[in-house]
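All remarks here apply to the structure that follows.
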Amino acid sequence: MKIALYFGSFNPIHIGHLIIAQHVLNATDVKKLWFVVSPQNPEKPSLSLLKDRHRLHLVRIAIEDEPCFKASDIEFNLSRPSYTIHTLGHLKDKYPQHEFCIVMGADSFQNVLNWKNGENILYNNTIYVYQRDGFVNTSPLKNVHFLQAPLLNISASTIRTLIKEKKSIQYLVHQKVKEEILQQGYYTSPLQ
């Protein structure tokens, strides 16, 4: 089975993430998509991250009605910081019956050669790249596919700011995610 891996901190998961994930299923031969919740992105500071288990819980809430989506905590048990190449190797060893591919934004794709073992990732995996404003969507590689996913300018950092300012995040996140964030007081104080 072909499974797309959508890596991210999902801090928090928002409608933009969900739309991209659904577009991957609709526009490709991918059968399932796993949201790989990263405990620590080597490119991002960890101080602004909600605790791993809380972010995973929010992803699970957001996708609970979609059987083709799965929330994965595979990186929680791997060494930190999380590197895509290590996670890919681990998943390929653990699930040899599946074909894994990667979903990433054009901004990440532009930097993939700077990642740990970036050439290996780029040349040895099918990669689906969704557009981002200001980034070129071309590559000579046959394993790289550019998707014209609906482009929404929503960011998790903006959502966190709105929460801190006690402003509405209605329509930016799944309704159940919004309710959980507000009920638990996520993003209102540091180190949750």
Taking the solvent-accessible surface of protein heavy atoms with a 1.4 Å probe, what is the per residue accessible area of the chain in Å²?
53
Taking the mean number of other Cβ atoms within 10 Å as a proxy for protection, how do you rank 2-8, 49-55 from highest to lowest?
2-8, 49-55
Dipole of the chain, positive end: most advanced residue of ASN117, HIS57, PHE135 [Cβ charges, Cα centre]
HIS57
Using a 1.4 angstrom probe on heavy atoms only, work out the carbon and sulfur share of the accessible area of the chain in %.
49
Please go through segment 94-192 and write out the chymotrypsin sites (Phe, Trp or Tyr not before Pro) that DSSP classes as loop and that have at most 11 other C-beta atoms within 10 Å.
TYR171
At most 12 other Cβ within 10 Å, DSSP loop - GluC sites (Glu not before Pro), segment 154-192
GLU165
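For segment 86-192, run through the trypsin sites (Lys or Arg not before Pro) and keep only the ones in DSSP coil with at most 15 other Cβ atoms within 10 Å of their Cβ.
Listed in order of number, the matching sites are LYS116, LYS142, LYS166, LYS167.
The values are calculated or read from the model by the stated rules, or taken from the named source; none is laboratory data. This one's a predicted model, so the numbers in the text were calculated from it and none came from an experiment. All Cβ positions, glycine included, derive from the backbone under ideal geometry; neighbour counts span all protein chains shown. The protein model used for the area step is the full one, side chains on, heavy atoms only, and it has no ligands, DNA or RNA in it. Shrake-Rupley method; radii C 1.70, N 1.55, O 1.52, S 1.80 Å.
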